[in-house]
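Asks: Sending over a structure as structure tokens; questions will come in a sec.
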Amino acid sequence: MGKPFIGITGDYMISEKGMSLGQERYFISKEFVDAVLEAGGVPVIIPIINKEEDILKIMDSLDGIVLSGGFDVNPIYYGEEPSKYVGFTYTPRDLCELFIVKAAIEKDMPILGISRGQQVITVAFGGKLYQDLSDNNTFYINHMQRASINDIGHYVDIVPGTRLFKIFEKDRLLVNSFHHQAAKVVPDNFIVSATSSDGVVEAIEHKTKPIMAVQWHPEIMIKKHPVMLRIFEEFINWCR
């Protein structure tokens, strides 16, 4: 079988300076592309579009989906009013990715969520998020590290018997950390496969379907911590 085609969801920004001031862009971080390539897949960047028939047309050529990182999911989509701590949200991306998850489930297509991607999966399956980790005063770890993006931030404890445990063959792992939101209510048919020492949900996986998500950014860590490539290698194996 040939290399699987892996769709990576795109991010959005408006240029704030220079000749491109005010220009809107869809983009993806190079590290996502590199990780998929190194793990044996062919990356395909999915732009933020909202015509469902066009999204389905793109997905017809794919074998798996990576939901990339980015800004906050609008709390409206999990039944809450936004608090004063919610960051930038972008409705077209929320709608696009929520539909992609729905379509991937119907196609029995593997999904890997990274950072925001874990939050999108949580919401898509009916869960809820902490709009800001300060909502729970028992969370004491710095989850928005002040260190290089490919450096370590804190430990996560991995639950034995989970897919994540089988990937790393250990019950504790050092990860980077760049988030202020996390899963508050884990959806039905999902299990928590890793938590931080203060109890924040750091990884989830579906009980029966090939769907897994982590709150950290393994794609960024790969150069200094090659063990993180294992997440993408396992995902690519699912997609084959």
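Asks: What number, in nm² with one decimal, is the all-direction average of the projected area of the convex hull of the alpha-carbon atoms of the stretch 13-78? Show your work: numbers first, answer last.
Replies: On the way: hull surface 26.3 nm².
Answer in nm², one decimal: 6.6.
Asks: Same structure again: Residues with beta-carbon under 15 Å from that of Ala182, excluding Ala182: net charge, scoring Lys, Arg +1 and Asp, Glu -1?
Replies: The answer is -4.
Asks: What are the residues whose amide H is under 5 Å from the amide H of His154, where those residues sit 5 or more places off or on another chain and H is modelled from the backbone?
Replies: Val175
Asks: Okay, next question. Report in % the part of the accessible area of the stretch 86-185 that belongs to carbon and sulfur, leaving out ligands and nucleic acids; probe 1.4 Å. Please report the intermediate quantities before stating the final value.
Replies: Numbers: 2240 of 4290 Å².
Of the solvent-accessible surface of the stretch 86-185, carbon and sulfur hold 52 percent.
Asks: Turning to a different aspect of this structure: Quick one: grab Rg to one decimal and Dmax as a whole number for the chain, Cα atoms only, in Å.
Replies: 16.9, 53
Asks: Starting from the amide H of Asp72, placed 1.01 Å from N in the peptide plane, find each other amide H under 5 Å away whose residue is 5 or more places distant or on another chain.
Replies: Gly87, Phe88
Asks: Something else about it: From the phi angles alone, apply the Karplus equation (6.51, -1.76, 1.60; θ = phi - 60°) to the stretch 64-73 and give each ³J(HN,Hα) in whole Hz, x where the residue is Gly or Pro.
Replies: Each residue's phi maps through the Karplus curve to give x, 10, 10, 8, 7, x, x, 7, 5, 7 Hz.
Asks: Still on this structure: As a test of the formula, what do you get for the chain when each DSSP H run with n ≥ 4 contributes -39,500 (n - 2.57) and the sum is divided by the residue count, at 222 nm and rounded to the nearest 500 deg cm²/dmol?
Replies: Details: 7 runs with 64 residues, N = 240.
That comes out to -7500 deg cm²/dmol.
Asks: Per residue of the stretch 40-57, what does 6.51 cos²θ - 1.76 cosθ + 1.60 with θ = phi - 60° give for ³J(HN,Hα)? Whole Hz please, x for Gly and Pro, Karplus curve as stated.
Replies: So the J values, rounded to whole Hz, are x, x, 10, x, 10, 7, 9, x, 7, 10, 10, 8, 4, 5, 6, 4, 5, 4.
Asks: Right, something else. Can you compute 3J(HN,Hα) from phi for each residue in the stretch 140-145, using the Karplus curve 6.51 cos²θ - 1.76 cosθ + 1.60 with θ = phi - 60°, rounded to whole Hz and x for Gly and Pro?
Replies: In residue order, the calculated couplings are 10, 7, 6, 8, 10, 5 Hz.
Asks: If contacts are Cα pairs under 8 angstrom and at least 6 residues apart, what is the relative contact order of the chain in percent? Provide the component values of the computation, followed by the final result.
Replies: Details: 494 pairs, mean separation 49.5, N = 240.
Result for the chain is 21 percent.
Asks: Moving to a separate point now. How large is the accessible surface of Lys102 in square angstrom, using a 1.4 angstrom probe and rounding to the nearest 10?
Replies: My reading of the accessible area for Lys102 is about 120 Å².
Asks: Where the only charges are on Cβ atoms (+1 Lys, Arg; -1 Asp, Glu), what is the dipole of the chain about its Cα centre, to the nearest 20 debye? Each step should come with its number before you reach the end.
Replies: Details: 24 positive and 31 negative charges, 75 e Å.
Charge dipole, the chain, about its Cα centre: 360 debye, nearest 20.
Asks: Under a Cβ-Cβ cut-off of 13 Å, what is the net charge of the residues other than Thr91 that fall near it, where Lys and Arg count +1 and Asp and Glu count -1? Show your work: numbers first, answer last.
Replies: Values: positive: Arg93; negative: Asp72, Asp94, Glu97.
Summing Lys and Arg as +1 and Asp and Glu as -1 gives -2.
Asks: Using alpha-carbon positions, what is the distance between the centroids of the stretch 13-28 and the stretch 132-160, in Å?
Replies: After rounding, the separation between the Cα centres reads 30 Å.
Asks: Here's a follow-up. Which trypsin sites (Lys or Arg not before Pro) from the stretch 1-80 combine a DSSP loop assignment with at most 15 other Cβ atoms within 10 Å? Intermediate values should be presented prior to the final figure.
Replies: Working: sites: Lys17, Arg25, Lys30, Lys51, Lys57; in loops: Lys17, Lys51.
Sites meeting the loop and neighbour criteria: Lys17, Lys51.
Asks: Amide H of Ile8: which non-local residues (sequence gap of 5 or more, or other chain) have their own amide H closer than 5 Å, using H built in the peptide plane?
Replies: Placed amide hydrogens put Val44, Ile45, Ile46, Val66 under 5 Å from Ile8.
Asks: Continuing with this model, one more query. On the full set of protein chains, 1.4 Å probe, figure out the accessible area of Tyr155 and give it in Å² to the nearest 10.
Replies: 100
Asks: A follow-up question, please. How large is the accessible surface per residue of the stretch 111-240, computed with a 1.4 Å probe and reported in Å² as a whole number? Walk me through the numbers on the way to the answer.
Replies: Values: 5270 Å² over 130 residues.
Here the per-residue accessible area is 41 Å².
Asks: To continue, here is another question. Tell me, Kirkwood radius of the stretch 95-164 from alpha-carbon pair distances, in Å? Display every interim value, and only then the final one.
Replies: On the way: mean 1/r = 0.0674 Å⁻¹.
Averaging 1/r across every pair of different Cα atoms and inverting gives 14.8 Å.
Asks: What translational diffusion coefficient, to the nearest whole µm²/s, does the stretch 162-213 have by Stokes-Einstein, given a Kirkwood radius computed over alpha-carbon pairs, a temperature of 4 °C and 1.567 mPa s viscosity?
Replies: Numbers: Rh = 11.9 Å.
Diffusion coefficient, whole number: 109 µm²/s.
Asks: Sticking with this one: Just tell me the longest site-free run in the chain, where the sites are GluC sites (Glu not before Pro) in a DSSP loop having at most 16 other beta-carbon atoms within 10 Å. Write out the running numbers ahead of the final one.
Replies: On the way: sites that count: Glu16, Glu80, Glu169.
It runs 81-168.
The values are calculated or read from the model by the stated rules, or taken from the named source; none is laboratory data. Given the structure is predicted, the values throughout are model-derived calculations rather than measurements. All Cβ positions, even for glycine, are placed from backbone atoms using ideal geometry, and neighbour counts span all protein chains on display. Please note that ligands, DNA and RNA were not included when accessible areas were found on the heavy atoms of the full protein model with its side chains. Shrake-Rupley method; radii C 1.70, N 1.55, O 1.52, S 1.80 Å.
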